[in-house]
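The structure under discussion appears below in the form of structure tokens.
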Amino acid sequence: MSARVARGSPRPKARSQSRGKAAKKAPGLLDGLPFGGETLRRVSWWILIGMILAVALAVAVAWKVPQMAGTAIGEAVGNAGFAVKRVEIKGLKRMERLPVYAVALDQDSMAMPLVDLDYTRERLLRFGWVKEARVSRRLPDTLVVDIVERQPAAIWQHNRRLALIDSDGVVLEQVKLEAMPDLPLVIGPAANRHAAELNQLLESASNLKPMLAGATWVGQRRWDLRFQSGEVLALPEGEEASKKALIHFARMDQQTQLLGRGFVRFDMRIPGKFIVRVSREPGSIVPPVDPQAPAVPAAPGTI
């Protein structure tokens, strides 16, 4: 016959001890950290807020929500600390930094989501020095502007003005006569637009390029090259014809050293002929310079 337990009698000791052990809190994952769980929870809370704001920023920019709603979201993100406070400029060597700052900070709103990156880049590309520009956001408060500058290649003289240009003929800035850099001089209306063609032409006779002092774009159709030793070489019209003539002249100069001997002008405009304007002394005789293109003496003052 089984034993009965009367009501109100104490429970077995072993059961109460096991329950007491179960009531103790098990150690958590955060208990072993040196800074405590509360600090970590606060950090996690701010990280969560940052992620939510970043998502709001991405939605406002990528999905192009309606203007009023997008503006409201953008301003809210800006008020939460995601607003432009710094502009970081990279790549500038010759151009002034102040105009870049002025464009970057000229925004309808300084809230990060509302900064118009494309329009800012478009405005930067209007500066002559700027060949390429990249504008990006770096959260929480920095606008990064990365500039690729053009390289000066020549000085363009037109209408009594001097301007620094690159190899494509883009005007970089005005130049004062007393502060001219040591670069070739390109002269004539629209000569800057043909600077790239001139550069390619000179590459075909690279040994002459260091001797060049300037070039004049004549009649919107051909080049006159002026060398540092004072001579002028009149090239024919057309890209192929002028290239062929310049290569031939470079070969003759290597063989007979035409430059620096007192000649005034070399004329190669007529195919198959090489006409030389002799020195300033009347009656000067010009020795033959090439069996295939003999020099033709000309009276002083003729072409």
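A short reminder: the numbers here are calculations on the coordinates, not readings from a lab. Just so we're clear, the structure is a prediction, and the values are computed from it rather than from any experiment. As a convention, Cβ positions derive from the backbone with ideal geometry for all residues, glycine included, and neighbour counts pool all protein chains shown.
Express in nm, to one decimal, how much length is gained between D168 and L125 on full extension, taking 0.36 nm for each residue of separation and deducting their alpha carbon distance. Could the numbers behind the result be given before it?
On the way: separation 43, 0.36 × 43 = 15.48 nm, distance 1.51 nm.
Once the chain is fully extended between D168 and L125, it gains 14.0 nm.
The alpha carbons of the stretch 152-298 give a radius of gyration and a Dmax of 15.6, 47 Å, in that order.
Quick one: if you take sqrt(5λ) for each eigenvalue of the C-alpha gyration tensor of the stretch 180-254, what semi-axes come out, biggest first, whole angstrom? Provide the component values of the computation, followed by the final result.
On the way: eigenvalues 59, 48, 23 Å².
Three semi-axes, in Å: 17, 16, 11.
Could you tell me which of the pairs K131/K244; K209/K243; K131/K209; K93/K131; K131/K243; K176/K209 are separated by over 22 angstrom between their Cα atoms in the structure shown? Over 22 Å apart, Cα to Cα: K131/K244; K131/K209; K131/K243; K176/K209. Label separation (M110 vs V218): 6.0 nm, computed from points 7 Å beyond Cα along the C-beta direction.
Modelled this way, with points 7 Å down the Cα-to-C-beta line, the labels at R134 and E237 are 4.6 nm from one another. Modelled this way, with points 7 Å down the Cα-to-C-beta line, the labels at A102 and H158 are 2.4 nm from one another.
Each Lys and Arg Cβ is given +1 and each Asp and Glu Cβ -1; about its Cα centre, the stretch 207-266 then shows a dipole of about 60 debye.
Coupling constants for the stretch 209-218 follow from the phi torsions by the Karplus curve (6.51 cos²θ - 1.76 cosθ + 1.60, θ = phi - 60°), and in residue order they are 4, x, 8, 6, 9, x, 9, 10, 7, 9 Hz; glycine and proline get x.
Full-extension gain between R86 and L117, please, as 0.36 nm times their residue separation minus the C-alpha to C-alpha distance.
In short, 9.7 nm is gained.
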